[in-house]
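Chemist: Supplied in structure tokens, the structure appears directly below.
Every read-out reported here was derived from the displayed coordinates using simple, explicitly stated rules and does not represent laboratory data. For clarity, every value in this text was computed on a predicted model and none was experimentally measured. Every residue, glycine as well, gets a Cβ built from its backbone with ideal geometry; the counts of neighbours run over all protein chains shown.
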Amino acid sequence: MRIVGWHIDGFGVFSDITVRDLPPDLTVVIGPNEAGKSTLLAFLRGVLFGFPDRRARERDYPPLNGGRPGGRVFLTDDDGPATVERHRGGRGVRVTLPDGREGSAADLARLVGYADAEVFRNLFAFSLTELESLHTLDTAAVRDRIFTAGVLGAGRSARHAVAALDRRRDQLLRPRATSAAIPRLTAELKAVDSQLAEAKRVAQDHPRAKAEERRWSEELDRLSHEIADRRETVRRATTLLDLWPDFDDGAEARRQLDSLADVEGLGEDAETQFGRLRGEVASAAAGRDERAAELAAAERRLAGVQPDDRLAAVGPQTRSLYAELSAHAGRRSRLAAAEQSAVELRTRLDEELARLGADWDRTRVASFDPSIVTSERVRAHETRIERAAERRALVDEEFEAAQAEANARVQEARRLADQISRYAAVPDLAALDQADGGVRRLRSTLSDQATAIAGAQIAQRALTDLRAAMPGNAAPVLAMPNWLRPALYALAVVLGGGAVAAGVAGQPVVAVSAAALGIVLLLLGLVLRPQSMPSAGPWAVNNRQRHQERLSEAEADVAERLRVSATLTEQVRVLATALDLPPAPTPVDVEERDALADRQRAARMESDRVAAAAGVARAAAERAAQELEILRERTDEAHAEEREARAEWVDVKAEHGIPAGLSPRAALDVVGAMERARGLLRQLEPVEREAEGLHKVTGELERRAAEVLARAGVDAEPAGADVVRAVTLLHERVTLDEAVRRERALYAADRDTARGRLASAQQRTDAAQASFDAFLRAVGASDDDEARSRLSSSRRRVQLSERVRGARDRITARVGSGPQADALLDELRGGDVAGWRARRAEAEADLVRLEGQREEAVRRQHDAANLVASIERSGEVARAALDREGLRQQLADAIRDWRKLTLARALLGETLRRYESERQPAVMARASALFSSVTESRYEQVVVVDGGLEVLDRSGARFDTADLSRGTAEQLYLCIRFGLAAEFAAHATPLPLVMDDVLVNFDPERARGMAVAINAVADEHQVLLFTCHPHVVELLVQLRPSTRVIELARRSPTNGPLPEVVA
Amino acid sequence: MRFRFLHAADLHLDTPFEGIRRVEPFVADALRDASLRAFESLVSLAIAREVAFVVLAGDIYDGPERGVRAQLTFRRGLDRLSDAGIATLVVHGNHDPVETGWSAVRSWPAGVTVFGAGEVATVPVERDGEMIASVHGISYPTRAVTENLALRFARGDAPGIQVGLLHANVGANPQHDPYSPCTLDDLRAGGMDYWALGHVHARQVLSQGDPWAVYPGNLQGRSPKASERGPKGALVVEVDGTTIAAPEFVPLDRVRFAYVEADIADLADLPELQELLTELALRETRAAEGRSVLLRAALVGAGPVADDLRRPGAVAELLGALRDGVRREEPFVWWEHLADLTRPALDLDALRRRGDFPGELLLLADDLSADPERLHAFAEQHLAAVATPTLDRLAGPLEDPAEPMPWRQAVDLALTTLVTDDG
């Protein structure tokens, strides 16, 4: 395939560019930097192989001059022309086949030989960058780069790929490296296998552990049985030894009993009965004696108490009187209080009666009608009068104050009104403003006038000078240098302007001075005239004409200035007249007028202020007058109210006969005394009645008390407090006598009871004695002694029987009954005490030994049980098995990875071997031919030796690529690349070779050599070479005149279309 | 009479699990107890459903050594069934033949029948005084039983249904050892109403009535293999007189194996791949209904992500990131393995026609692929370093590297190492 042209719609600096009819051999694109060579390369690569993704780190080349980004590349191959169209962001590539049909992506792949951008870049593209990068490499790297240039690795050399795979393989497995993954995992797996085997072995030990546990359990049972047996032996022997004393004693008692004579008639309880009956007799006699003593004591107590009959007779009355004593005492107390209170009330009543007068007594006070007048009514009148008077006084005070205030306001208003009249002559503010404006305009106009006059005078003088300077005219009075007059005029104008400025700034003296000086200078200029030039000859005619012209101009100027001056003068006059100034006022006049206006303004402002104050004062006076009227009304009301209150009191006094001269307070005093007397009287009368009643009641009680005391045998006739004491004493005696009577009754009852009990005791004594007598007769005894003797014998028999029975019972309680008890008894009868002791000692010794053995068996059985439980709980087998499986999988994965890496490496190695044996020789042959050519046969051949490159010179000497100079190494690199491209083309679709300024760094000789090589390649291959060096173009064109040269101009985004130049 | 019975097989108690790479301790703990807990769930199910009897069709244990934990767990389970009045009938299979191995259990509780290996025995099952079933069974004496044991079964005359309990390979299933090989016709000839089969771990119904022939599958998945994935459990069979209803599958597994594929074609980068894998894991988690999941994923397809995956350690990093995102307690999702089966984004046809070095390499690979003998020789020549008996024993049998998938991966690796800048 070769490229025949392109059309760029928009790409970088290119827009709507078409190139066609590229030759099949060599095309050179020349252009300076920034002309678009790289852009063109990127365009071709993008259209053919796809524009790089925006994520790729490649330049974008957006259309800077418009147009849709992309375009078309025109191709041709053996089938004919084809077009590949692609735009960035479009719907993809569009291929037009030779027959006009639209092709597919497969067609494009076929057209470009199934290469991609990377293959194109590495096989068919030659850049200056990769050559220059050789300079950055060391010798070994340069050698490697050159060598791998001949290997068709897309992006990497095959050897690098092999090395990368080897590194990954080594991490998995390498000789004698135990840290690599596979041997490490193998070791771990073996270790886990051991753990698993051990865990299984332990688990499989379960039956043995169970058997061990059982064996020790059985041993434990056996020992327990033997121990129990020995303990039985000890127990039996101990029992025999313990029972022997009882057994022996029982036997002895039996023998003694058999030797005793039998006593008849006595029961077993005869002695008991004897003792009991004797005891009963003694007990009954003792009881009888006690009862007799009780009776005697009761009779003595009875005889010791005697009551008083007189007290019994007055008992009820005495109790009654005693009950009243408390009330009597209270009555006596109230009586005393009432009498005391009555005395006090009488005394106070007498005092009030004395206040009222000699004709006042209790009867009159009692008969006084309180409804006539009461203190409340009088107090009410007093209060009303006092309040009315207070209110009236307050209002009077307010009125006086308001009146004074109103007067002050009126006076103030009058004063201010007087002040206003003094400013009547002052103009108002509008007039003053107008005057100010007039003064300002007058000032300005005066200044303009002065300037205009000065200008007119200057012009006039100039005119005069001109006239005088007319050729042939007489000389002026005074001559001066030509430059002096203009200077004087200029200075006068400056001074005039300064006068105006000073006047505006309010500095009249300065303004006047400057104006005067300016006028002087102006006049001086007018008087003096410059020297004139002599007139002579033909020259004078022209001069005269020109002078005439200037003269006319000057005259016109003067006339204009005079007109302006006159106008300003008139304005001054008008303004001055309006301000009451002379028609031609001086600046002083103007300043004086201005000062007057200022004074008038100040006066006007003062007048206005006073007028405002006067208005305020008038308003205040009017308000004060209004308030005064209001207060006047209130004052009148207060006075009327007071008068009414007083008149009412007078009517009350007249109505009730209160002395007219009494004031309400005095009247209150009289009424008060009356009321107090009545009050006292009301208190006194009930008190007196009460005292009388109390006196009557207390007297009655005292009489009765005297009577009762007499009957009781008390001689005294007490009264008052003595009555209470006497009655109280009598009451105590009566109470005491009653107690004596009750006690006597109790004593009598006790005596009767004691008599009854004594009788019963006697009966019991008699009965006990009878029983005892009967017993004696029953046992055949006549008396106590005989009975005791018989009973003693019986007792002995009983004791012995008890001993026998006791021994038997104890033995029976210990051994029980049954065959075993019988056997024990038989053995007991044998009496082998020594044998029993010996047997017991032996059994105790065996026990010690057997218990020791059992303790050991318990421990061993416990250990075995723990082992069994541990095995049964353990998950070690499962854990180890899981670990093993995990490791096994990991190892299997490592082995798989190693296999994959190894096979991949082997595949790479085999391909490399094949390439080196089948393809590389052709590459090297082509490279050798080219290299020989470019080095002018200095080096004849390039060979591959032991995986490296060597070059042979014409003498056959071998050189390593590291021995070559950089320039020669670059040449060799390019020749190998050419050879590779040619070899590739021989086996696949050849693509154009694209070279980007690859000759630029070569010296002329080498450049020429490489140009020859490129030319040779172009014989078989389409070559597109980009350069910015004209000498390269000349070189190639020289070698191949048919070379198509395309010139690119340096472009900017605003440049127009690229001009096409055809070589 | 209406009743139900429970049919399970291939308990493989205390199974060590196969094909699982190293896991973290919390996963190991769950796996270690999974089979035992599944069996405890089986016992609870039988008691809850008040089944009349339980039939266990072989491979109770995972091996002849029969771990102590497994045996004691089995015994405790049988005790519970016995206490609940449920009869248990057991045959042993190739993994736990009766004549090999040792037993920590000397006696079985009442109601438990372990069929011997000599001949087919018949055990009646009664309920409320009525005969409801006769269970016929025979155990394996040794691991490899090649006799067709199905031919020894014969229908009895007792009332109720006739159940055949047999550990066998029906229909020569190639994924399982050919022990007690038989056909469906052999089963029909046996005259049973219900063949309670064991040995094949994938649940399947070989015959729906006359007779029923059913593999319940194993109780707990043991490896990431296809037959071990998905729900595992037991069957509850309703019977009304002599009419047997379709068995109801009840999942009892504690840890479930799952497999997902992630196609990288439309993915832009590794984070998107991780996100896709996470979504796939979530889907599997929901399907597992509260069980822990051991998830194996295969990355397939071609795309730009393939190049990222080629970077050394990339797959391990991705796997680590996925594992970092899971909870460390049950129920968990454990990423067991990520297999990179992606293909490089290369146009191999174009590459072949290019004529450059990668093209040459591809052509050579094609030549080798076309000649299996030559390929084998090529592989043997270069893989001798790892072809040792020790490694074979330790790592176990691996696939032939000359098989299409491994060979393709090697070729892809060579190409990508050549055309990319990594390595």
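Chemist: So if I place +1 on the C-beta of Lys and Arg and -1 on the C-beta of Asp and Glu, and nothing else carries charge, what would the dipole magnitude of the protein assembly as shown be about its Cα centre? I want it in debye, nearest 20.
Modeler: It comes to approximately 2360 debye.
Chemist: At 7 Å along Cα-to-Cβ for each site, give me the label-to-label distance between A:Ala251 and A:Leu736 in nm.
Modeler: A separation of 9.0 nm, rounded to one decimal place.
Chemist: Once you have the Cα-Cα distance between A:Ala865 and A:Leu241, take 0.36 nm times their residue separation minus that, and quote the gain in nm to one decimal.
Modeler: 220.2 nm
Chemist: Let me ask something additional. Could you identify which residue out of B:Gln175, B:Gln71, B:Gln274 has the top mean-square fluctuation in a GNM of chain B using Cα springs shorter than 10 Å?
Modeler: B:Gln175
Chemist: Counting only DSSP beta bridges with both residues in segment B:13-145, what percent are antiparallel, rounded to the nearest 5?
Modeler: Approximately 45 percent, going by the DSSP bridge assignments.
Chemist: Then there's this: Between beta-carbons, use under 12 Å as the cut-off and find the net charge around A:Arg814, counting Lys and Arg +1, Asp and Glu -1.
Modeler: Net charge around A:Arg814: +1.
Chemist: Build a GNM of chain B with springs between Cα atoms under 10 Å: which of B:Ala57, B:Ala246, B:Ala385 gets the top mean-square fluctuation?
Modeler: Of B:Ala57, B:Ala246, B:Ala385, the most mobile in the Gaussian network model is B:Ala385.
Chemist: Using only atoms on other chains, find how many Cβ atoms lie within 10 Å of each Cβ of peptide B:369-380 and report the average.
Modeler: So the per-residue partner count for this stretch is 1.
Chemist: Just to be sure I understand the model, the point goes 7 Å from the Cα along the line to the Cβ. What's the resulting A:Glu700 to B:Ala110 distance in nm?
Modeler: For A:Glu700 paired with B:Ala110, the spin-label model returns 11.2 nm.
Chemist: Continuing with this model, one more query. On a 0 to 90 degree scale, rounded to 10, what angle separates helix B:357-370 from the longest Cα axis of chain B?
Modeler: Taking Cα atoms only, the helix is inclined about 30 degrees.
Chemist: Now for a separate question. How big is the gap, in Å, between the Cα center of segment A:8-48 and the Cα center of segment A:271-298?
Modeler: 165 Å
Chemist: For the residue pair A:Met605 and A:Leu97, what label-to-label distance in nm results when each label sits 7 Å from Cα along the Cα-to-beta-carbon direction?
Modeler: Result: 10.8 nm between the two label points.
Chemist: At a threshold of 8 angstrom on Cα-Cα distance, excluding pairs fewer than six apart, so keeping six or more, what relative contact order does segment A:664-794 reach in percent?
Modeler: Rounded, it is 9 percent for segment A:664-794.
Chemist: Between 0 and 90 degrees, rounded to the nearest ten: what's the tilt of helix B:404-419 against the longest Cα principal axis of chain B?
Modeler: 30 degrees
Chemist: Let me ask something else. Under a point-charge model restricted to the Cβ atoms of Lys and Arg (+1) and Asp and Glu (-1), what is the dipole moment magnitude of segment A:774-825 relative to its Cα centre, in debye to the nearest 20?
Modeler: With Lys and Arg at +1 and Asp and Glu at -1, about 180 debye.
Chemist: Exposure proxy check: B:Phe39, A:Phe51 ranked by fewest other beta carbons within 10 Å?
Modeler: Ascending number of Cβ neighbours within 10 Å: A:Phe51, B:Phe39.
Chemist: From the Cα gyration tensor of segment A:1-93, with a ≥ b ≥ c the square roots of its eigenvalues, which class applies: rounded if a/c is under 1.5, or else prolate if a/b is larger than b/c, or else oblate?
Modeler: Oblate.
Chemist: Let me make sure I get this right: for the protein assembly as shown, a, b and c are the square roots of the gyration tensor eigenvalues over alpha carbons, sorted descending. Under 1.5 in a/c it's rounded, otherwise prolate if a/b > b/c, else oblate. Which is it?
Modeler: Oblate, because a/c is 1.5 or more while a/b does not exceed b/c.
Chemist: Further question on the same structure: In whole Hz, with x marking every Gly and Pro, tabulate ³J(HN,Hα) for segment B:334-339 from phi via Karplus 6.51 cos²θ - 1.76 cosθ + 1.60, θ = phi - 60°.
Modeler: Running phi through 6.51 cos²θ - 1.76 cosθ + 1.60 with θ = phi - 60° gives 10, 6, 6, 6, 10, 9 Hz.
Chemist: Can you find, among A:Thr902, A:Val994, A:Phe931, the residue farthest towards the positive end of the dipole of segment A:874-1033? Put +1 on the C-beta of Lys and Arg, -1 on that of Asp and Glu.
Modeler: A:Thr902
Chemist: Going by average Cβ neighbours within 10 Å, how do the peptides A:408-421, A:954-967 rank, with the highest at the top?
Modeler: Answer by packing, highest mean first, reads A:408-421, A:954-967.
Chemist: Right, another one. Taking the Cβ of B:Gly209 as the center, what net charge do the other residues with Cβ under 14 Å away carry, scoring Lys and Arg +1 and Asp and Glu -1?
Modeler: Combined, the nearby Lys, Arg, Asp and Glu give -3.
Chemist: Something else: Please give the length that would be gained between A:Ala424 and A:Arg873 if that part of the chain were fully extended, namely 0.36 nm times their separation in residues minus their C-alpha to C-alpha distance (nm, one decimal).
Modeler: Going from the current span to full extension adds 148.5 nm.
Chemist: Sort chain B into rounded, prolate or oblate with this rule: let a ≥ b ≥ c be the square roots of the eigenvalues of the Cα gyration tensor; rounded if a/c is under 1.5, and if a/c is not under 1.5, prolate when a/b is larger than b/c, oblate otherwise.
Modeler: In terms of gyration-tensor shape, prolate.
Chemist: Still on this structure: I need the peptides A:116-123, A:741-748 ranked by packing, meaning the mean over residues of other C-beta atoms within 10 angstrom, with the highest value on top.
Modeler: A:116-123, A:741-748
Chemist: Another one. Is it possible to state the helix-based mean residue ellipticity at 222 nm for chain A, with each DSSP H run of 4+ residues giving -39500 (n - 2.57), the sum divided by total residues, to the nearest 500 deg cm²/dmol? What is it?
Modeler: -25500 deg cm²/dmol
Chemist: As an exercise, use a Förster radius of 22 Å and the Cβ-Cβ distance of B:Val205 and B:Asp157 to find the FRET efficiency, rounded to the nearest 0.05.
Modeler: 0.20
Chemist: Provide a whole-number value for the mean count of partner chain Cβ atoms within 10 Å of the Cβ atoms in peptide A:969-978.
Modeler: The mean count of partner-chain Cβ atoms within 10 Å per residue comes to 0.
Chemist: For chain B, find the longest principal axis of its Cα atoms and tell me its angle to the long axis of helix B:68-83, 0 to 90°, nearest 10.
Modeler: Helix B:68-83 sits roughly 40 degrees off the main axis of chain B.
Chemist: Grab the beta carbon distance between B:Asp366 and B:Ala265, set R0 = 22 Å, and tell me the FRET efficiency rounded to 0.05.
Modeler: 0.35
Chemist: Once R0 is set to 22 Å, what does the formula 1/(1 + (r/R0)^6) return for the Cβ-Cβ distance between A:Glu570 and A:Leu491, expressed as a FRET efficiency to the nearest 0.05?
Modeler: Result of the calculation: an efficiency of 0.15.
Chemist: Something else about it: Quick one: 3J(HN,Hα) in Hz for segment B:182-198, Karplus 6.51/-1.76/1.60 with θ = phi - 60°, rounded, Gly and Pro as x.
Modeler: Those phi angles translate into 7, 10, 5, 5, 4, 5, 4, 5, x, x, 7, 8, 9, 9, 8, 8, x Hz.
Chemist: Quick one, could you list the DSSP H helices from chain A stretching 24 Å or more along their long axis (Cα atoms) with average Kyte-Doolittle hydropathy of 0.5 or above?
Modeler: A:484-504, A:508-527
Chemist: Still on this structure, please answer the following. Report the extension gain between B:Ala345 and B:Arg328 in nm, rounded to one decimal, defined as 0.36 nm multiplied by the number of residues separating them, less their alpha carbon distance.
Modeler: Extra length from B:Ala345 to B:Arg328 when fully extended: 2.4 nm.
Chemist: Summing Lys, Arg as +1 and Asp, Glu as -1, what charge do residues with Cβ under 13 Å from the Cβ of A:His328 carry, A:His328 excluded?
Modeler: Within the 13 Å Cβ shell, the charges total +3.
Chemist: Something else now. How do A:456-465, B:78-87, A:971-980 rank on mean C-beta neighbours within 10 Å, highest first?
Modeler: Result, highest mean Cβ count within 10 Å first: A:971-980, A:456-465, B:78-87.
Chemist: Could you name the aspartates and glutamates whose alpha carbon sits less than 12 Å from that of B:Lys232, not counting residues in the same chain fewer than 8 places away?
Modeler: Candidates past the 8-residue exclusion: B:Asp10, B:Asp253.
Chemist: Using a Cα-Cα cut-off of under 30 Å, which lysines could be cross-linked to A:Lys190, ignoring same-chain neighbours fewer than 8 residues away?
Modeler: Answer for A:Lys190, where 30 Å is the Cα cut-off: A:Lys200, A:Lys900, B:Lys225, listed by chain and number.
Chemist: A further question on this structure: Only bridges whose two residues both fall in the protein assembly as shown count here: according to DSSP, what percent of them are antiparallel, nearest 5?
Modeler: Of all bridge pairs located within the protein assembly as shown, approximately 45 percent are antiparallel.
Chemist: Can you pull the mean other chain C-beta count within 10 Å for peptide B:405-416?
Modeler: 5
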